[in-house]
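Structure, as C-alpha cells:
None of the figures in this text is laboratory data; all of them are computed from the coordinates on show. Remember, predicted model here, so these are calculated numbers, not experimental data.
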Amino acid sequence: MSESFTAKQVSEHNTVDNGLYIIIDSGVYALKDFVDEHPGGAKILKRVGGKDASKQFWKYHNESVLKKYGPKLKVGDVKEEAKL
Ligand code: HEM
C-alpha cells in the first residue's frame with residue numbers, strides 16, 4: 001500500500017489511538033502495532049508521533065532495520081512539496 005501524505009496529515013496521526021505515524025526520510029510509517037515490541041521502548045516512539053523522526057532514527061538504527069520492518073510498517077510517502 002502506498003499512499004501520499006502531506007506532513008500535516010501525518011501530524012494528525014500523533015498518538016497510538018490514531019495510528020502513530022512517523023516520517024523517516026520521505027517514508028511514512030504507522031507504528032501503532034509496533035510500539036509495544038520496539039526494542040528501544042514505546043515511550044521514545046510516542047514522543048515522535050506525527051513528526052519527522054529521521055534524525056533520531058538514523059542515530060540509533062541502520063539500513064537493515066528499515067529493510068526488515070519497513071515492508072510491514074510503511075503506509076506511504078510524504079508528498080514532495082510537503083517535505084519539511
Ligand atoms: C520504523 C520505525 C522503527 C523501527 C522499525 C525500529 C526498530 C528498532 C529495532 C529493531 C531496535 C533494536 C536494535 C537494532 O536491531 O538495531 C531498535 C532499538 C532502538 N530504537 Fe528503534 N525503531 C524505530 C524507530 C525509532 C525511533 C523513531 C526512535 C527514536 C525516536 C528509536 C529509538 C530506538 C532506541 C533508543 C533503540 C535502542 C538502541 C540501543 O539499545 O542501542 N527507534 N529499534
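Kindly provide the Kirkwood hydrodynamic radius of the chain in Å, to one decimal, from all pairs of distinct alpha carbon atoms.
One over the average 1/r among Cα pairs gives 12.5 Å for the chain.
Can you work out the Karplus-derived ³J(HN,Hα) for every residue in the range 46-54? Use 6.51 cos²θ - 1.76 cosθ + 1.60 with θ = phi - 60°, whole Hz, and x for glycine or proline.
4, 5, 9, x, x, 10, 7, 10, 4
To make sure I understand the rule: partners must be aspartates and glutamates, Cα under 16 Å from the Cα of Lys72, and not fewer than 8 residues away in the same chain. Which ones qualify?
Glu3, Asp33, Asp36, Glu37, Glu63
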